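Peer 1: Have a look at the structure that comes next, please.
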2 protein chains.
Amino acid sequence: MIKPYTVGIDIGGTTTKFGIVDNSGHILQQDRIPTNEHEAVEEFIEDLYDKLFPMIEKVGGISKFRGIGMGAPNGNIYTGAIEYAPNLKWKGIIPIASLVEKKFGLLTKLTNDANAAAMGEMMYGCARNMKHFITITLGTGVGSGIVIDGKIVVGHDGFAGELGHTIIRPGGRIHKSTGMAGSLEAYASATGVRETAIELLTNYPEENSLLRDFSLNELTSETVYECALKGDTIANDIFEFTGQILGESLANFIMFSSPEAIVLFGGLTKAGALLLNPTRRHMEANLLPIFQNKVKLVFSELKEADAAILGASALVDA
Amino acid sequence: MIKPYTVGIDIGGTTTKFGIVDNSGHILQQDRIPTNEHEAVEEFIEDLYDKLFPMIEKVGGISKFRGIGMGAPNGNIYTGAIEYAPNLKWKGIIPIASLVEKKFGLLTKLTNDANAAAMGEMMYGCARNMKHFITITLGTGVGSGIVIDGKIVVGHDGFAGELGHTIIRPGGRIHKSTGMAGSLEAYASATGVRETAIELLTNYPEENSLLRDFSLNELTSETVYECALKGDTIANDIFEFTGQILGESLANFIMFSSPEAIVLFGGLTKAGALLLNPTRRHMEANLLPIFQNKVKLVFSELKEADAAILGASALVDA
C-alpha cells in the first residue's frame, strides 16, 4: 500500500515553514522556525527535527512517509545542495538534502524555492491543467518558476529561472546585494518599492504627499499601499512605475516561452489592482501583436506558504 | 523498409531554399526560388513544385520519401500555417503545410524558421548532444530557437522564442516594422548595425571615419566590417555597441533557461571576433555569478542555409 504522507519544507530567507501533506494535497499540520539563527546548518537541522519529528510521530511515524521535499533559495535539484545563496547565513555549497535525509531516515529532495512554489501552483493552484506558465514571487526579492510542457525549467545546471535578476533598465538602479544595475528585483520587490518611494519623494520635494509623514524606517510597500488607497499622487505613481517595470519584464518573458498564464505571488500582490492594472497595461503594450490579449495575468489563489509547502512536498514523487 | 529521403524547405523573407536529405543528414541536391514574387501562395507553390518535383523524381520518386519539413517566418507547428508574417507578401493565416501536402502527396510539417535552424544545429551542428541551448540568427532581423531538455520550446500557442523582439533598451530605438521601442532586433541585426552607423556618424560629425566615404546606400554591416578591420574607430565602436546590446540580452536569456551554449548564426557573424569579443564581455558582466564562465558562446559550424534545410527536414520524423 502506498504510504499516505510526505513532508514539505520551504526554507525562506527569514523563516522556514514546513508541513505534513496527505495524498489529496491537504496540509494536516504545519509549523515554522527561524532560518538564520545559526551559523551551522547542522544546528538548523536540529531545530527542524525538534519541531518536525513530533508532528511525524503524531500521524503514525516515519513508516507512513514517502519522503521529504524541500524548497530553498539557490536550491539545486541536480546536486541536492544550496549553492551560494546570497540571503542565507550558510555560505558556499550546503548539501542539505543529504543532511536532512540522514537525520530523518527519509528520502529527501531539494529544489529552488520559487520552483517549489510553481509546482504547488501547478498541482493545487490556478495553474492546474496548464502546461505552460510562469510564476513570479514579488516579496523582499523577486523569484520565478517557469513551467514548459508541464515541467519546471531547471536548465543544464539546475539554476534556470532567475528572472528577478534579468536586466530591464540597463545602467539603472544598483541592486544592493548583487551589485547589478537595473535588474527587475531592484524595482519590483518590496525593497524596490521602498527605494522608488525614497527616489520620488527626493526628486519632487515640492509635491505634497502623505508619505512624508512617515519616517524612513516606516516607509514600506505597505505604507505606500495605504497612502495610494487614500488617493496620494506620489504613492499611486510608485505603483504605476513598479507596474511599468514589471509589465515590460513580463512581456519579455512571454516572448521567450509563450506561456498561457503568469501567476503572481508574494507580499506586493496585496496592492491588488493598484499593481495589477499598470502591470497588465505595460505588459500588453510591449508584446508583439501575436502575443497580445492571450496571456492570463493573475494573482495566486494559494496562500504563499501553502504553495511552497505543497510544491516542495510534490517533489518527493517527481 | 524505411523510406530513405525527406525534403527540407526553408522559406526566408527573400529566398526559399530546399533540398533532398538522406538518412545520414546529407543534402543530396538543393536549389532555391524567390519567396516574394507572387501575391498568391498557390503560385509560389507551383514554382516550388516545378523545381522540386524533378529533384524528387531524380532520386526515385515520391515513394522514396517520408515527407516534407518546412521552416518559415511565423510558421506555427500546431496549425501548419504561416500566421501574420510581417516580412512576407502572403497576409493573414496561410495554411501552407496542407497546401504543400496536397500538391506533393507527401506528409508535410511546418515550424518557425528559427526553430528549424535550431533543430538542424541540434542534429548536425555544434549543439549535437546538447539538451539545453539557444540559437540566435543575426541577419536582416534577429531570430531565435530555444531548446530545453532536448526539445524546441514552442509554448502554449506555437509562438515561443521571439527573442529578437524582447526589449533591451526601454524607450530606445524604434523598430521600423513592429513600431516597438528598444527591441534587440532594432540593434543587433544587419539593419540595426546600419542604423547605429548612421547615428554615430551623425552624432560625432567631427570624428574622422572611413565610413564617411560611403553613400548612405552603401553603408551596410559589410562596409562597417571592412572599415573596422582597417582600424576605423567609429566602425569599431559600432561593433562594440552592437556586442554590448547583444551581450546584455544574452545574459537575460541565460538567466531564464540556463543553457549550455548559445549558438550564433547569420550574416553578422562574418564580423567574427569584432562582434564575438564585446558580446561575450557584456554577457558575462551581466550574469549572476552562478551563471558566469559556464555558457559557451559560439558561431554555428553549419552553413546557414544547410542548417535550415536539415532542421526543417528533421521535422518529418519529430
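Peer 1: Place the label 7 angstrom along Cα→C-beta at A:Ile2 and in each other copy, then list the distances from the first to the rest in nm, shortest first.
Peer 2: So the distances to the same position in the other copies read 3.7 nm.
Peer 1: How would you classify the protein assembly as shown from its alpha-carbon gyration tensor, with a ≥ b ≥ c the square roots of the eigenvalues: rounded for a/c under 1.5, else prolate if a/b is greater than b/c, otherwise oblate?
Peer 2: Oblate is the answer for the protein assembly as shown, as a/c is 1.5 or above yet b/c matches or exceeds a/b.
Peer 1: Computed FRET efficiency, Cβ-Cβ of B:Leu216 and A:Lys296, R0 60 Å: what is it to the nearest 0.05?
Peer 2: Efficiency, from the Cβ-Cβ distance: 0.85.
Peer 1: Follow-up question, since we're still on this one. Run through the other copies and list how far each one's label point is from that of B:Leu107, in nm with one decimal, shortest first; the point sits 7 Å from Cα along Cα-Cβ.
Peer 2: The projected label point of B:Leu107 is separated from its counterparts by 3.7 nm.
Peer 1: Under the Kirkwood approximation for Rh and a Cα-based Rg, what ratio Rg/Rh is obtained for the stretch B:34-122? Each step should come with its number before you reach the end.
Peer 2: On the way: Rg = 13.2 Å, Rh = 13.6 Å.
Checking Rg against Rh, the ratio lands at 0.97.
Peer 1: More than 18 Å apart: what percent of Cα pairs in the stretch B:98-171 qualify?
Peer 2: 49 percent
Peer 1: Given an 8 Å cut-off on Cα distances and at least 6 residues of separation, report the relative contact order of the stretch B:168-318 as a percent. Don't skip to the answer; put the middle values down first.
Peer 2: Working: 176 pairs, mean separation 29.8, N = 151.
Relative contact order comes out at 20 percent.
Peer 1: For the stretch A:162-318, just the Cα set please: Rg and Dmax, both in angstrom.
Peer 2: 16.6, 59
Peer 1: If you don't mind, there's one more thing I want to ask. Hey, any idea what Rg/Rh is for the stretch A:203-257, computing Rh the Kirkwood way over Cα pairs?
Peer 2: 1.13
Peer 1: Only Cα pairs under 8 Å and at least 6 apart count here; give the relative contact order of chain B as a rounded whole percent.
Peer 2: Over chain B, the number comes to 21 percent.
Peer 1: Within the set B:Lys3/B:Lys51; A:Lys176/A:Lys296; B:Lys103/B:Lys303; A:Lys131/B:Lys296; B:Lys109/B:Lys303; A:Lys103/A:Lys131, which residue pairs have Cα atoms separated by over 24 Å?
Peer 2: Listed pairs above 24 Å: A:Lys176/A:Lys296; B:Lys103/B:Lys303; A:Lys131/B:Lys296; A:Lys103/A:Lys131.
Peer 1: How many angstrom separate the Cα center of the stretch B:36-102 from the Cα center of the stretch A:1-50?
Peer 2: So the separation of the two Cα centres works out to 57 Å.
Peer 1: Compute the separation of the alpha-carbon centres of the stretch A:114-154 and the stretch B:208-264 and state it in Å as a whole number.
Peer 2: Taking the Cα centre of the stretch B:208-264 as reference, the centre of the stretch A:114-154 is 37 Å away.
Peer 1: Using a label point 7 Å beyond Cα on the Cα-Cβ vector, give me the inter-copy distances for A:Pro86 in nanometres, one decimal, shortest first.
Peer 2: Label-point separations across copies, in nm and ascending: 3.4.
Peer 1: At 0.36 nm per residue, minus the direct Cα-Cα distance, what do B:Val59 and B:Ser24 gain on full extension? Give it in nm, one decimal, please.
Peer 2: 11.0 nm
Peer 1: Further question: How large is ³J(HN,Hα) for each residue in the stretch B:172-184, as worked out from phi by the Karplus curve 6.51 cos²θ - 1.76 cosθ + 1.60 (θ = phi - 60°), to whole Hz, x for Gly and Pro?
Peer 2: Each residue of the stretch B:172-184 in turn: x, 4, 7, 7, 4, 8, 9, x, 7, 9, x, 7, 3 Hz.
Peer 1: Using the Karplus curve 6.51 cos²θ - 1.76 cosθ + 1.60 with θ = phi - 60°, what ³J(HN,Hα) values do you get for each residue of the stretch B:262-270, in whole Hz, with x for Gly and Pro?
Peer 2: My calculation for the stretch B:262-270 gives 10, 10, 9, 10, x, x, 5, 5, 4 Hz in order.
Peer 1: Ignore the peptide's own chain and count Cβ atoms of other chains within 10 Å of each Cβ in B:83-90; give me the average, rounded.
Peer 2: 1
Peer 1: Next question. With charges set only on the Cβ (+1 for Lys and Arg, -1 for Asp and Glu), what does the dipole of the protein assembly as shown come to about its Cα centre, in debye to the nearest 20?
Peer 2: So the dipole magnitude of the protein assembly as shown works out to roughly 1500 debye.
Peer 1: Averaged over all directions, how much area does the convex hull of the C-alpha atoms of chain B cover when projected, in nm²?
Peer 2: 17.1 nm²
Peer 1: Ranked by Cβ crowding within 10 angstrom, fewest neighbours first, how are A:Thr191, B:Thr6, B:Thr14 ordered?
Peer 2: Ascending Cβ contact count within 10 Å gives the list B:Thr14, A:Thr191, B:Thr6.
Peer 1: A follow-up question, please. For the residues A:Leu28, B:Leu219, A:Leu302, B:Leu250, what sequence is obtained by ranking on other C-beta atoms within 10 Å, fewest first?
Peer 2: Fewest-to-most Cβ neighbours within 10 Å comes out as A:Leu28, B:Leu219, A:Leu302, B:Leu250.
Throughout, read-outs are computed from the coordinates displayed, never taken from laboratory work. All of these numbers come straight from a predicted model, not from anything done at the bench. Methodologically, a virtual Cβ is constructed for each residue, glycine included, from the backbone with ideal geometry; neighbour enumeration extends over all protein chains shown.
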